[in-house]
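Written below as structure tokens is the structure these notes are about.
The values are calculated or read from the model by the stated rules, or taken from the named source; none is laboratory data. Note that the coordinates shown come from a computational prediction; the quantities given were computed from them, not determined experimentally. Cβ: placed from backbone, ideal geometry, glycine included. Neighbour counts: every protein chain shown.
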Amino acid sequence: MIAKSMDSGAVLRESSELDPSTKKFDVFLCHAIRDAEIVLGAKRILEQQNLQVYVDWIVDPEMDRTAVTAKTAATLRNRMQCSSSLLYLFSNNSKRSRWMPWELGYFDGLKGNVGVLPVTPDIGDLDFTQEEYLDLYPKVELINSSLIVNRTKNNPVRAEDRDNYKPFSSWVGGTDKLRL
């Protein structure tokens, strides 16, 4: 007996589910590997908002991160092309990362939907010394277990700034990137 043939949309959906290189992600989590525990916490928070999160060492464990290679860059480019946004985890370790500035620049040019999530103590203004380019992007804050994208840089987000912030989950898929 011959099975009923699938329409082209069903075939494409099935093949994309079989090929992990075409999986879609809401968030490309840009981070320093030394922050692995923080990364897992951020990933968990994002997933609680029903977002698909790309973390290189989880999704692509076979990828070599020890050196800058064309193969690793190609894998990261592909994953960024399949992601709606990039969340840059700013920490004391991010300054030492070989890949984070490259990922940020590539994604900004590709899609422009970039936010910075500081995972360092924040007392007043963030110190982006030697990484001043991070001030170009909205800051993402954790407020009452929800992520908020804040264009104003005010700490904390205030009710009168309502036009300058939005929930992270709606920012990810929206057209207003809250660029500075």
Go through segment 52-68 and give me each residue that's over 18 Å from PHE107 (Cα atoms) and not in a helix (DSSP H, G or I). ASP60, PRO61, GLU62, MET63, ASP64, ARG65, THR66, ALA67
Inside segment 104-122, the number of residues satisfying the requirement of being modelled with pLDDT of 90 or more and more than 17 Å from VAL172 (Cα to Cα) is 2
In segment 20-50, the residues that are in a strand (DSSP E or B) and either surrounded by fewer than 17 Cβ atoms within 10 Å (Cβ to Cβ) or in contact with a Ser or Thr (Cβ under 6 Å, 6 or more places away or on another chain) (or both): PHE25, ASP26, VAL27, PHE28
Screening SER97, SER85 for residues that are in contact (Cβ under 8 Å) with a residue 24 or more places away in the chain, among the polar types (S, T, N, Q) and closer than 17 Å to ALA36 by Cα leaves only SER97
Can LEU104 be described as closer than 11 Å to CYS30 by Cα, outside any helix (DSSP H, G or I), in contact with a Leu (Cβ under 8 Å, 6 or more places away or on another chain) and not charged (D, E, K, R)? no
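Check segment 67-80 and report whether any residue there is under 19 Å from LEU142 (Cβ atoms), surrounded by 17 or more Cβ atoms within 10 Å (Cβ to Cβ) and modelled with pLDDT of 95 or more.
Just the residues of segment 67-80 that are under 19 Å from LEU142 (Cβ atoms), to begin with: none.
Taking every residue of segment 67-80 in turn, none turns out to be under 19 Å from LEU142 (Cβ atoms), surrounded by 17 or more Cβ atoms within 10 Å (Cβ to Cβ) and modelled with pLDDT of 95 or more.
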